[in-house]
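Asks: Quick one: this structure, given as structure tokens, is what I'll be asking you about.
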Amino acid sequence: MPVRPNGRIAVEDGVSWYTANVDPNRAKAAPPDAAKGRTVPPDSPRAEMERIKADRERIKLERELGAVIDRKAAEKAIFERARAERDSWLSFVSRAAPDLAAELDAEPARCFAVLDRLVREHLRDLSQRPLEELARDASR
């Protein structure tokens, strides 16, 4: 770079030197602030936007690779599974009560009523417990 004896650079000389010596493709590849000779502070709004863009691209890639699923679809699938399990338990009472009554030599209607009440109480208890507590109980 042509520098004068006083340490300054003549604008015309600097521009012509820059044009002759710097590859234009290299300037395009550099980040916007790096081309101006500055760096972006890590806590600046611009850096935050770049992090957000990178996160969005990472999530988009993970979704394409099948590592991430749609939250609403997952919630719907969990709800449908829970409903199916509840319905299965309630129909279990109808199937199991006659066998239990025969095994215990008890009245089938009364056996059904007691078993139905117990299963419904248990399902109600499960529905009111936080998921973290259920997971902790399952790991024991």
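Asks: Considering only residues that are among the polar types (S, T, N, Q) and surrounded by 11 or more Cβ atoms within 10 Å (Cβ to Cβ), which ones fall in region 58-98?
Replies: Correct list: S94 only.
Asks: Before we move on, is K76 part of a helix (DSSP H, G or I) and outside the structural domain of L118 (by TED's automatic domain parsing)?
Replies: In short, no.
Asks: Follow-up. May I ask you to list the residues in region 99-128 that are without any contact (Cβ under 8 Å) to a residue 12 or more places away in the chain and surrounded by 12 or more Cβ atoms within 10 Å (Cβ to Cβ)?
Replies: The answer is A101, A106, P108, A113, V114, L126.
Asks: Looking at (1) at pLDDT below 70; (2) assigned by TED's automatic domain parsing to the domain that holds L131, which is the only condition R26 fails?
Replies: (2)
Asks: Among the listed residues A113, A101, A97, A106, identify the single one that is outside any helix (DSSP H, G or I) and either farther than 29 Å from L131 by Cα or at pLDDT 95 or above (or both).
Replies: A106
The values are calculated or read from the model by the stated rules, or taken from the named source; none is laboratory data. As the structure is a computational prediction, the values presented were derived from the model and not from experiment. Don't worry about glycine lacking a Cβ; one is built from the backbone with ideal geometry, like all the others, and counts go over all protein chains shown.
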